[in-house]
Amino acid sequence: MFKKVLIANRGEIASRILRTCKSLGIRTVAVYSEADKEALHVKEADESYLLGGSKVVESYLNIEKIIEIANVSKAEAIHPGYGLLSENAEFAKRCELEGITFIGPSPEVISKMGNKIKARKLMDASGVPVVPGILHPLADVEEAAAVAENIGYPVMLKASAGGGGIGMQIVHNEEEIRKAFEGNQKRAESFFGNGEMFIEKYVENPRHIEIQILADSQGNTVYLWERECSIQRRHQKVVEEAPSPFLDDATRLKMGETAVKAAKSIGYYNAGTVEFLVDKEKNFYFLEVNTRLQVEHPVTEEITGLDLVREQLRIAAGEPLAFTQSGIKKEGHAIEVRIYAEDPKTFFPSPGKITKLVLPEGQGIRHELGVSDQSVVTPFYDPMIAKLVVKGKNRIEAIDLLQNALRQYEVEGIKTNIPMLRKVVEHPAYLAGDTTTNFVEKYLQ
């Protein structure tokens, strides 16, 4: 096992990784920006190094500076967390060239899965079901209109290198696609440096269900059941649960086996997530592979009893999986909600100083925090400040626990999405398990 690990991230996920490293006796190195000099992860690490200015391009996206700090601190491995450089193939390659272990899959796999068109092609060739659509980038708006007409409206216009809903739009007719194409292409180019666009059929009222996988470098791959992640705003998840209230055992098994098949087909190792869209008839279609630890990984940990960060570290250190598929349990029901510093009505960020923070406590309640009382939430980064995770014997018990916890959760000094989350988990449709991706638009707007 590693003696020292650098965490190339910030906020709650940096603290989460630090916790597991410390439990294993691994020394930790934190990196931080000017804006984060008083952040929790900086105080919790054994060593901390300044990266640069407050903007991500000056700090958390500065590959050369992170590599320099890893070498100076003699860190043997780098954990990228999620977001930022976690799915950056160039960063993974630089680690490899420097003899530093990147805790994640190979640069080649990251590159393949980072481009949605390439990923669709690979999955289609491997026999994994994909949403009907094209397997090449669109040449221009004229081709976009022709393809959409051929597939049949509504369709989903997507950026090949996109993520977080950026460059993505549902279009219902030719007029809409002509209006949407150029703007989404420019956004994709601006955010990802790649303006390639493609089109796939829009699956109406789908569920977003993903399969967590673990794979070692010896060729062993397992799935850790599913997560239902359909409650989203602006194509970003806000409520996740495991297991899904929608799947039956036969579909669950088939999706798990398909996810393993997808992972093996690309030579995947370490932790990853195969995401699917599932229609009302339980037909499922490949969406993408997230080549990193997911924000929502705690719900999987709660129902399996596994520490996914620990498994990532073990795999990266060359150890084989300590269990087979038959040894992975599924016990109870877990739900996670993401706490954002944002206006619950507009979803606009709400930076500022937290003047009061009171957390609900009790059996079955877990917190992942990136802030504390008196912390300053800056405008420079993603506005997610915490995650609240609950576990019950079943879904009804978990929801009851979550509802009570959200009523007790107090944050003052900034606005948060807690009022919106309470509306979600108290809504009759949510209670009934009617959790499709249009839930927020349908019931809360």
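The values are calculated or read from the model by the stated rules, or taken from the named source; none is laboratory data. Computed from a predicted model, the values in this text were never measured in an experiment. Ideal geometry is used to build each Cβ from the backbone, glycine not excepted, and the neighbour counts take in all protein chains shown.
Does Val358 count as out of contact with any His (no Cβ under 9 Å at 6 or more places or on another chain), over 25 Å from Leu84 (Cβ atoms), surrounded by fewer than 19 Cβ atoms within 10 Å (Cβ to Cβ) and among the β-branched types (Val, Ile, Thr)?
yes
Any residue in the range 135-152 that is at positive phi sitting within a Cβ distance under 8 Å of a residue that is of a type in the set (Lys, Arg)? List the pairs, counting only those 6 or more apart or interchain.
Listed by first residue and then by second, the contacts come to Gly152/Lys201.
Conditions first: (1) acidic (Asp, Glu); (2) within 25 Å of Ile213 (Cβ to Cβ); (3) without any contact (Cβ under 8 Å) to a residue 12 or more places away in the chain. Glu68 passes all but one, so which condition is the exception?
Looking at each condition in turn, Glu68 falls short on (2).
For the list (1) surrounded by fewer than 20 Cβ atoms within 10 Å (Cβ to Cβ); (2) touching a Gly at 6+ places or on another chain (Cβ under 7 Å), I need the number of the one condition that Val377 fails.
Going through the list (1) surrounded by fewer than 20 Cβ atoms within 10 Å (Cβ to Cβ); (2) touching a Gly at 6+ places or on another chain (Cβ under 7 Å), Val377 breaks only (1).
What number of residues within the range 300-341 are among the small types (Gly, Ala, Ser) and in contact with a strand residue (DSSP E or B) (Cβ under 8 Å, 6 or more places away or on another chain)?
Residues flagged as among the small types (Gly, Ala, Ser) and in contact with a strand residue (DSSP E or B) (Cβ under 8 Å, 6 or more places away or on another chain) within the range 300-341 amount to 5.
Of all residues being within 20 Å of the chain's Cα centre (by Cα) and assigned to a helix (DSSP H, G or I) in the range 435-445, which is surrounded by the most Cβ atoms within 10 Å (Cβ to Cβ)? Just the residue, please.
My answer is Phe439.
Would you mind stating whether Leu357 is within 20 Å of Lys237 (Cα to Cα), of a type in the set (A, V, I, L, M, F, W, C) and modelled with pLDDT of 95 or more?
Against the criterion (within 20 Å of Lys237 (Cα to Cα), of a type in the set (A, V, I, L, M, F, W, C) and modelled with pLDDT of 95 or more), Leu357 does not qualify.
Run Leu224 past the list (1) touching a Lys or Arg at 6+ places or on another chain (Cβ under 9 Å); (2) more than 21 Å from Asn283 (Cβ to Cβ); (3) assigned to a loop (DSSP other than H, G, I, E, B); (4) of a type outside the set (Ser, Thr, Tyr) and report the number of the one that doesn't hold.
Here Leu224 meets the rest and fails (3).
So, in the range 63-76, how many residues would count as being of a type in the set (A, V, I, L, M, F, W, C) and surrounded by fewer than 24 Cβ atoms within 10 Å (Cβ to Cβ)?
Residues flagged as of a type in the set (A, V, I, L, M, F, W, C) and surrounded by fewer than 24 Cβ atoms within 10 Å (Cβ to Cβ) within the range 63-76 amount to 4.
Of all residues in the range 67-118, count the ones that are in contact with a His (Cβ under 7 Å, 6 or more places away or on another chain) and at pLDDT 95 or above.
The number of residues fulfilling the criteria is 1.
Against the definition (part of a loop (DSSP other than H, G, I, E, B), in contact (Cβ under 8 Å) with a residue 60 or more places away in the chain and surrounded by 17 or more Cβ atoms within 10 Å (Cβ to Cβ)), how does Val371 come out, yes or no?
Considered against the rule, which asks whether it is part of a loop (DSSP other than H, G, I, E, B), in contact (Cβ under 8 Å) with a residue 60 or more places away in the chain and surrounded by 17 or more Cβ atoms within 10 Å (Cβ to Cβ), Val371 comes out as yes.
Only one of (1) over 20 Å from Glu296 (Cα atoms); (2) in contact with a helix residue (DSSP H, G or I) (Cβ under 7 Å, 6 or more places away or on another chain); (3) not in a loop (DSSP other than H, G, I, E, B) fails for Gln403. Which number is that?
The single condition Gln403 does not satisfy is (1).
State whether one or more residues within the range 253-267 are farther than 30 Å from Met168 by Cβ and either surrounded by 21 or more Cβ atoms within 10 Å (Cβ to Cβ) or not aliphatic (A, V, I, L, M) (or both).
Within the range 253-267, none of the residues are farther than 30 Å from Met168 by Cβ and either surrounded by 21 or more Cβ atoms within 10 Å (Cβ to Cβ) or not aliphatic (A, V, I, L, M) (or both).
Mind listing just one residue for me: the one in the range 419-434 that is within 17 Å of Ile385 (Cβ to Cβ) and surrounded by 18 or more Cβ atoms within 10 Å (Cβ to Cβ) and, of those, farthest from the chain's Cα centre (by Cα)?
The residue in question is Met420.
In the range 254-298, what count of residues is obtained for those that are outside any strand (DSSP E or B) and not hydroxyl-bearing (Ser, Thr, Tyr)?
So the count comes out to 24.
For the range 274-312, how many residues meet the condition of being crowded, with 24+ Cβ neighbours inside 10 Å and hydroxyl-bearing (Ser, Thr, Tyr)?
2
From the list Val411, Val390, pick out the single residue that is touching a Gly at 6+ places or on another chain (Cβ under 9 Å), surrounded by 21 or more Cβ atoms within 10 Å (Cβ to Cβ) and not in a helix (DSSP H, G or I).
Exactly one of Val411, Val390 is touching a Gly at 6+ places or on another chain (Cβ under 9 Å), surrounded by 21 or more Cβ atoms within 10 Å (Cβ to Cβ) and not in a helix (DSSP H, G or I), namely Val390.
Checking the condition more than 28 Å from Ala145 (Cβ to Cβ), touching a Gly at 6+ places or on another chain (Cβ under 7 Å) and either modelled with pLDDT under 90 or surrounded by 17 or more Cβ atoms within 10 Å (Cβ to Cβ) (or both), which residue from Ile213, Ile199, Ile231, Ile209 passes?
Answer to the check: Ile213.
For the range 344-368, what are the residues that are of a type in the set (D, E, K, R) and either over 30 Å from Val309 (Cα atoms) or out of contact with any Pro (no Cβ under 9 Å at 6 or more places or on another chain) (or both)?
Lys345, Lys353, Lys356, Glu361
Any chance you could count how many residues in the range 421-444 are within 20 Å of Glu281 (Cα to Cα) and aromatic (Phe, Trp, Tyr)?
Total meeting the criteria: 2.
Tell me yes or no: at least one residue of the range 378-393 is without any contact (Cβ under 8 Å) to a residue 24 or more places away in the chain and in the same structural domain as Lys282 (by TED's automatic domain parsing).
No, the range 378-393 contains no residue that is without any contact (Cβ under 8 Å) to a residue 24 or more places away in the chain and in the same structural domain as Lys282 (by TED's automatic domain parsing).
Can you tell me how many residues within the range 15-34 are in contact with a Phe, Trp or Tyr (Cβ under 8 Å, 6 or more places away or on another chain) and under 20 Å from Gly52 (Cβ atoms)?
Qualifying residue count for the region: 5.
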